[in-house]
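Heads up, the thing below is written out as structure tokens.
The values are calculated or read from the model by the stated rules, or taken from the named source; none is laboratory data. Since we're looking at a predicted model, the values are computed, not measured. Every residue, glycine as well, gets a Cβ built from its backbone with ideal geometry; the counts of neighbours run over all protein chains shown.
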Amino acid sequence: LVAAEARARRADAALAQLAEAHDAALADLVPAATLAESQAALGDAEARLAEAKAARAEAEAQRIAAATTLGAAEAAVLATERDASLADDALAEASRRRQRLADALATLNAERAAAEADCPSAEALADAVALAESSLLAAEQARANQDRAEVARAGAQAAHAEARRLLAEGEARRAALSAEATASGARARRAAEQHARLSAERAEAEATRIPHERLEAIRDIRIAAEDVEGAARGRLEAAEAARLDAGQALASARKAMAEAEAEAGMLTAEIEGLSRLIGASGGTDAPIVDALTMPPGLEAAVAVALGETLDSAASSAAVRFWRDLPSLVAERLPGDAVPLSALVEAPPALRRALASIGLLPEGADGDALHAALSPGQSLVTRDGALWRWDGHVVRAGTPSAAAVRLAQRNRLRAAIASLAEAMARVDGLGADVAMRGAAETGALAAET
């Protein structure tokens, strides 16, 4: 019964799982797959129902066996009761016999007493005593048999009670298994009904489903559309990236052009200002200083060496001018001085003067070399110091209008050269801006 009950419980659990699986499948109905699952579940339910029925049959067989055992126990009880009754009868008979024997013994004793009076024989007395003792032994044996019968009857009654208890439990379990089998049958019927309903739904779905060929065609069209969409998206992203790149390049080009134009504007303003300053300080004839070209940093040295003579003209028509004379054999300048004629580009009229002026290297001691100068020679430094052959000395840093004028002219020449470069950059950047603007317009058109 216990094994049958366990199998019935397993069948019930399996049917419950089947119902849950079927409900879940019905919620997410996909006709073909769900029908196959319901068919499998129905087969499983039928198998489990058969197993539950087999378990119930086995439980019924066990109940019948228990009933048979109970019948045997009841028969044993009846037999024991009969034995007990017989033992009671035997005991009663033994008691009666004992009483009779006691009575007989009393009679015998009385007779013995009487006989003693009459002097009976010893053999008769011995026989009477033996008979009495035999009767007593039989009575004791009957009492022992009665006790054993009582014990057997008590055991039979206990076995009868246990058999009745087992029979009651078997009946209860049989009823439970019968109820479970009935429930399993109901669930199986519900599963069969659901299977039939799903079959009908599948048939209806089969009747209304789209043909396989049409589905394949639709799938091919969708894949082609996705490919076209992907390609278009790629082109759009590329066009957008190109537009962004073109926009950034155009912005960079415009910024560079604006910077070049600003630089050109500043250079133009500087050139105009320097031109006004330099033009305002000159006379009717252009001074020779306007014809000098020198590296930056030599302005103070040239100015301290030539002084106001830089304002003299290069033309002999002027009141003050420089005359072009033949070069002299120049004497060697003291120390490591370099003649300014090797450093400054100037009109021929200044060749004699520049050849006799030496530029000292950094750190040279002009005072120590002063006495070694020949007539007409001078030594100068980049910071404006002067040692002339006749003893005249100018210390470094002495303000000089000529040095300022030379610096302004050098700056004017540098500004003019820088302006030409800036204007060339502006022109090039203008063309670049136009090209990049066209590229951005094309990228925008491609994007739309």
Does any residue in the range 247-269 that is over 21 Å from Arg436 (Cα atoms) come within less than 9 Å, Cβ to Cβ, of a residue that is basic (Lys, Arg) six or more places away or on a different chain, and which pairs are these? Glu263/Arg425; Ala264/Arg425
Considering (1) among the hydrophobic types (A, V, I, L, M, F, W, C); (2) farther than 30 Å from Ala286 by Cα; (3) touching a Phe, Trp or Tyr at 6+ places or on another chain (Cβ under 8 Å), say which one Leu379 fails and leave the rest. (2)
Please pick out the residue among Glu169, Glu201 that is acidic (Asp, Glu) and more than 51 Å from the chain's Cα centre (by Cα). Glu169
The correct count of residues that are part of a helix (DSSP H, G or I), modelled with pLDDT of 85 or more and closer than 14 Å to Leu406 by Cα in the range 265-288 is 1
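I'd like the full set of residues that are under 60 Å from the mean Cα position of the chain (by Cα) and without any contact (Cβ under 8 Å) to a residue 40 or more places away in the chain, limited to the range 378-421. Steps first, answer last, please.
Here is the first cut: in the range 378-421, the residues under 60 Å from the mean Cα position of the chain (by Cα) are 418-419, 421.
Hit for the range 378-421 is Glu421, nothing else.
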